[in-house]
2 protein chains.
Amino acid sequence: MSSLISNTRILLASRPVGNPTPENLTIETVEQPNPEAGQVLVKTIYVSLDPAMRGWMNEGKSYIPPIQLGDVFRAGTAGQVITSNHPDYAVGDYVTGSWGVQQFGLLTGVSDQAKGDDIRKVDTTIAPLETYMATLGMPGMTAYFGLLDTGQPQPGETVVVSGAAGAVGSVVGQIAKIKGCRVVGIAGDQEKCDYCVNELGFDACVNYKTGDLRKALKAACPEGIDVYFDNVGGDILDTVLTQIRRKARIVICGAISQYNNTTPVKGPSNYLSLLTNRARMEGIVVFDNAANYGTAAREMADWIHEGKLGARVQVEHGIDNFLSTLMMLFTGQNFGKLLLKVD
Amino acid sequence: MSSLISNTRILLASRPVGNPTPENLTIETVEQPNPEAGQVLVKTIYVSLDPAMRGWMNEGKSYIPPIQLGDVFRAGTAGQVITSNHPDYAVGDYVTGSWGVQQFGLLTGVSDQAKGDDIRKVDTTIAPLETYMATLGMPGMTAYFGLLDTGQPQPGETVVVSGAAGAVGSVVGQIAKIKGCRVVGIAGDQEKCDYCVNELGFDACVNYKTGDLRKALKAACPEGIDVYFDNVGGDILDTVLTQIRRKARIVICGAISQYNNTTPVKGPSNYLSLLTNRARMEGIVVFDNAANYGTAAREMADWIHEGKLGARVQVEHGIDNFLSTLMMLFTGQNFGKLLLKVD
């Protein structure tokens, strides 16, 4: 049987300095091989856009190896099985995985995250496919384990989260509310702040682009900050450090303000506040919790059905728009979980 | 009874910008009142010189309030009771406390650290008075609790300590050896490095002033760094961050390289290594462990008697030399615990 399917995909052509440009990518269309025994062919529906992607474009090992030049651009993905030679998957099954920015994925279903071959069947009668890319996917897992295991919020404590309207931040804030905390978001425009307060139930949300962040935080967190979940780094982290309480926990999830720097990362000048406050700053990588994703997903699915947890998903269209969609994360143009629909 | 005793003491006259100068201090000699009921008069023998003193000279609350202008300069002290109107203390008793840089202390024996009235009798038949200012005093307690409770070193792990030949660092390294770790010091001259390896039993010690610290650390810690006990901050902290292992613990005890800055503190540019390595950076203040000092002192006294724990003490002389002696800490001229003998 010969294939009549062509697969448009995006490869990493070169490593960016500062902001990625179209020259860093190659878009190509190739003939899609058919699945061999044990393989399934998946048609991509959604590609996930995540801040971490910028780091994967750099040379040098981070928490996972970089994308190799000439390789398909790594990405979280969701799609539907269109041909199956694997007993566990049937045509029509919806699956999530990490087969990268391309229209089709040829997968073995073997759990080998490094090779991107791992796929998981998802039940779209429980939640729509988008939710498996958001609250029930990596962003939700990152929020759940980062906040609960590392942040360890106690009822009555004040939890601050930056990137508050983003895929991770919005879930962090809602879980902190479920756990009985006072929750204050930090976001980059008033519409996002209003969303956090009015739709997600945050107690307050500070627009860091208007006025004095330190004063605004002080007003929103009169007793200081017990847990800070940081998605942005830079000046915002430094300002939060001036407001932490004794024994505060700072969860370092990301530093989106620094990813396109051509100068060295801005280290937190106020880190000695950790000393005076006997506080802790700790980095997290969601993959470490893979064994417990199922438990977390079940608990979060319950919260979704109880109406306690929701998340906005923003869908952009067209694989050709991959780069411009990715850049929306760094300019703050996204609202909630950002997906690219490629079909 | 009228007093015939005069008390020379040092007051904080003004707050320094950058390096403290003689203009920031007042030396005065006043008549020493006699103890009233419940008070003891202690003749100072030793004043402790500690890096934290520089922070106490600044305005603004740190982990304890600053020294107020016109107040006696706060300092750890040791001395001998010369008059007692307190049932728990007899003339001749040796005591330690925090009555500041002055020839005499008038104390109530009441445990009120904030007022500096707390004194503790020490038994100089167990260890010499100097040891109660060093290994069995605040530096030893800082090392003990900071390393064991916060650093949590496991046998076989690699522990790195900066300020390795200093009062805290030398104890950190020796306790880490007792706990079965590979221990690597960082110090500012070869004599100190030799001391750490040859006398204290460190596995290696790197002179950060010669050559490439990153390369030297890599050679000394081929498997990476599990625990870093930081006394210095600045570029050394940043370099260590490039060498930490998965789940590393960084204990922030101090940042002596930054205390006399007139520019903002240098934040660690490489702090995102905490993220990629799922590592932790945590600040400590020794006072938090006050309830457990006794237990720690007994264990450390045993180690001293078993010959596993020793510490060099450097004694300078004369209360007039207080400032020049203090500055030795910042220029690296001290070797081990630095004391000023004032009698």
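Bear in mind that the values in this text are calculations on the coordinates, not laboratory data. This is a predicted model, so every value here is computed, not measured. Don't worry about glycine lacking a Cβ; one is built from the backbone with ideal geometry, like all the others, and counts go over all protein chains shown.
Under the condition of being under 17 Å from B:Gly307 (Cβ atoms) and of a type in the set (A, V, I, L, M), which residue from the stretch B:153-175 is surrounded by the fewest Cβ atoms within 10 Å (Cβ to Cβ)?
B:Ile175
State yes or no: is A:Thr108 touching a Gly at 6+ places or on another chain (Cβ under 9 Å) and within 30 Å of B:Leu274 (Cβ to Cβ)? I'd like the intermediate steps shown before the answer.
Details: touching a Gly at 6+ places or on another chain (Cβ under 9 Å): yes; within 30 Å of B:Leu274 (Cβ to Cβ): no.
The answer is no for A:Thr108.
Whether any residue in the stretch A:33-54 is within 14 Å of chain B (Cβ to nearest Cβ) and touching a Ser or Thr at 6+ places or on another chain (Cβ under 9 Å) is what I want to check.
Within the stretch A:33-54, one or more residues are within 14 Å of chain B (Cβ to nearest Cβ) and touching a Ser or Thr at 6+ places or on another chain (Cβ under 9 Å).
Can you list residue pairs whose Cβ atoms sit under 7 Å apart, with the first residue in the stretch B:296-320 being farther than 16 Å from B:Leu338 by Cα and the second being among the aromatic types (Phe, Trp, Tyr) and part of a helix (DSSP H, G or I)? Count only pairs 6 or more apart in sequence or on different chains.
Hits for this filter: B:Ala296/B:Tyr144; B:Ala296/B:Phe145; B:Met300/B:Tyr144; B:Leu309/B:Trp303.
Could you figure out which of (1) over 24 Å from B:Leu339 (Cα atoms); (2) in contact with a helix residue (DSSP H, G or I) (Cβ under 8 Å, 6 or more places away or on another chain); (3) part of a helix (DSSP H, G or I) isn't true of B:Ala143?
Evaluating B:Ala143 over (1) over 24 Å from B:Leu339 (Cα atoms); (2) in contact with a helix residue (DSSP H, G or I) (Cβ under 8 Å, 6 or more places away or on another chain); (3) part of a helix (DSSP H, G or I) leaves (1) as the failure.
When the residues of the stretch B:281-318 are filtered to those that are outside any helix (DSSP H, G or I) and buried (at least 21 other Cβ atoms within 10 Å of the Cβ), which remaining residue is farthest from the other protein chains (Cβ to nearest Cβ)? Walk me through it before giving the result.
Step one: of the stretch B:281-318, the residues outside any helix (DSSP H, G or I) are B:281-285, B:306-318.
Restricting the remaining residues to those that are buried (at least 21 other Cβ atoms within 10 Å of the Cβ) gives B:281-284, B:309, B:311.
Details: B:Met281: 5, B:Glu282: 4, B:Gly283: 3, B:Ile284: 6, B:Leu309: 25, B:Ala311: 23 Å.
In this case the residue turns out to be B:Leu309.
Output yes when any residue across the stretch A:26-41 is within 23 Å of the chain's Cα centre (by Cα) and either of a type in the set (Gly, Ala, Ser) or in a strand (DSSP E or B) (or both), and no when none is. Show your work before the answer.
Keep residues of the stretch A:26-41 that are within 23 Å of the chain's Cα centre (by Cα), which gives none.
Within the stretch A:26-41, none of the residues are within 23 Å of the chain's Cα centre (by Cα) and either of a type in the set (Gly, Ala, Ser) or in a strand (DSSP E or B) (or both).
Which residue, of A:Asn260, A:Asn198, A:Asn207, A:Asn231, is out of contact with any Cys (no Cβ under 6 Å at 6 or more places or on another chain) and in contact (Cβ under 8 Å) with a residue 12 or more places away in the chain? Step through it out loud before you land on a result.
On the way: A:Asn198 fails: in contact (Cβ under 8 Å) with a residue 12 or more places away in the chain; A:Asn207 fails: out of contact with any Cys (no Cβ under 6 Å at 6 or more places or on another chain); A:Asn231 fails: out of contact with any Cys (no Cβ under 6 Å at 6 or more places or on another chain).
Answer to the check: A:Asn260.
Can you find a residue that is within 14 Å of another protein chain (Cβ to nearest Cβ) and β-branched (Val, Ile, Thr) anywhere in the stretch A:181-201?
So the first thing to find is which residues in the stretch A:181-201 are within 14 Å of another protein chain (Cβ to nearest Cβ), and the list is none.
No - not one qualifying residue is present in the stretch A:181-201.
Considering only the stretch B:60-93, how many residues are away from chain A (no Cβ under 14 Å) and either closer than 29 Å to B:Ile284 by Cβ or touching a residue at least 60 places away in the same chain (Cβ under 8 Å) (or both)? Let's see the steps before the verdict.
Taking the stretch B:60-93 and keeping what is away from chain A (no Cβ under 14 Å), we get B:67-93.
Next, from what is left, pick out any that are either closer than 29 Å to B:Ile284 by Cβ or touching a residue at least 60 places away in the same chain (Cβ under 8 Å) (or both): B:67-69, B:71-79.
Residues meeting the conditions: 12.
Looking at A:Asn231 and the list (1) within 9 Å of another protein chain (Cβ to nearest Cβ); (2) crowded, with 23+ Cβ neighbours inside 10 Å; (3) of a type in the set (S, T, N, Q), which single condition is not satisfied?
The single condition A:Asn231 does not satisfy is (1).
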